[in-house]
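Working notes for the structure below.
The values are calculated or read from the model by the stated rules, or taken from the named source; none is laboratory data. It should be emphasised that the depicted structure is a prediction, and the values quoted were computed from it without experimental measurement. FYI the Cβ positions are ideal-geometry reconstructions off the backbone, even for glycines, and counts take in every protein chain you see.
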Amino acid sequence: MDLSLRNKKVFVSGSSKGIGICVARKFIEEGADVVINSRNTDELTAAATSLGNCNSIAGDLSNPADALATITKAADILGGIDIIVCNVGSGSSVPPGQETYNEWRRVFDVNFFSATNLIEASRAFLGESQGSIVCISSICGNETIPGAPVTYSVAKSALNTYVKSISLPLAVEGIRINAVAPGNISFEGSVWSKKMAQDPESVNAMLENNVPLGAFGSPDDVANLVVWLASDVAKFVTGTIVTTDGGQTRS
């Protein structure tokens, strides 16, 4: 299927590794012009080199001023913005029951405000292009996942509600917004790949007991959904949270 993404102007946040770099690669393969982003300049440089055909901008999107400066620079490089992918996020936090105010703020900055800051900074550019937004959420935002950090789960739940709610005023401006909620995704260097190396028996038991398809997802599974949702092929889809989790959740 031709997704008609050739020459589309795309900004992918948190894209120096993992799901983010895979999303950027998919857009490049579809012929889009891509700018990648990370706070870590060394990782960002390495990612841009591996991808080849893209530009990169370092910036901390949890800071509103930095988000505006970053997306403005991206728009200057690309000649506008058609698509943004909000991929900044981290599931690392304290165990359930050990939350503090400072930890709540840190986790929300990474997993919620990084997206809202970028979207607010991009709104004028996307309104001009009648563009689209895709946020990377998590199944932890859909329902309670035993053992998952409470701070992370609540932040992703907030992101899901934001996507559904902001889709209404954005639609008036001709902008679509959706989210992808991945389940257990494994790739080189991921938390799950490390756990598998340390204790494959318990990881395989988790998959057998909790995931009907009995396997991890890959970054490609997420990226394929992202490029579809971002494209005009999905032009009648907005305010939707699409789950890719091997059947783990029931909500």
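Considered as a group, the residues in region 129-149 that are under 14 Å from Val10 (Cα atoms) and not polar (S, T, N, Q) include one that is surrounded by the most Cβ atoms within 10 Å (Cβ to Cβ), and that residue is Cys135.
Wholly within region 138-251, which helices (runs of 4 or more DSSP H) include no fewer than the required count, namely at least 3 residues that are of a type in the set (A, V, I, L, M) and under 17 Å from the mean Cα position of the chain (by Cα)? Once the helices (runs of 4 or more DSSP H) in region 138-251 are filtered for at least 3 residues that are of a type in the set (A, V, I, L, M) and under 17 Å from the mean Cα position of the chain (by Cα), what remains is 150-172, 219-230. Pairs meeting the criteria (first residue in region 94-119 and in the same structural domain as Ser38 (by TED's automatic domain parsing) and over 16 Å from Ile136 (Cβ atoms), second residue among the charged types (D, E, K, R) and assigned to a helix (DSSP H, G or I), beta carbons under 9 Å, at least 6 apart or on different chains) are Val94/Glu103. Answer yes or no as to whether Ile28 is within 22 Å of Val226 (Cα to Cα), among the β-branched types (Val, Ile, Thr), modelled with pLDDT of 95 or more and in contact with a Pro (Cβ under 6 Å, 6 or more places away or on another chain). No. For region 122-134, a residue qualifies if it is in a helix (DSSP H, G or I) and in contact with a strand residue (DSSP E or B) (Cβ under 9 Å, 6 or more places away or on another chain), and the qualifying residues are Ser122, Phe125, Leu126, Ser129. Take residues that are over 27 Å from Pro149 (Cβ atoms) and tell me which of the helices (runs of 4 or more DSSP H) falling wholly in region 1-109 contain 3 or more. Answer list for region 1-109: 18-29, 41-51, 64-78. Taking the criterion of being of a type in the set (S, T, N, Q) and either surrounded by fewer than 24 Cβ atoms within 10 Å (Cβ to Cβ) or not assigned by TED's automatic domain parsing to the domain that holds Ser13 (or both), would at least one residue in region 72-85 satisfy it? Yes, because at least one residue in region 72-85 is of a type in the set (S, T, N, Q) and either surrounded by fewer than 24 Cβ atoms within 10 Å (Cβ to Cβ) or not assigned by TED's automatic domain parsing to the domain that holds Ser13 (or both).
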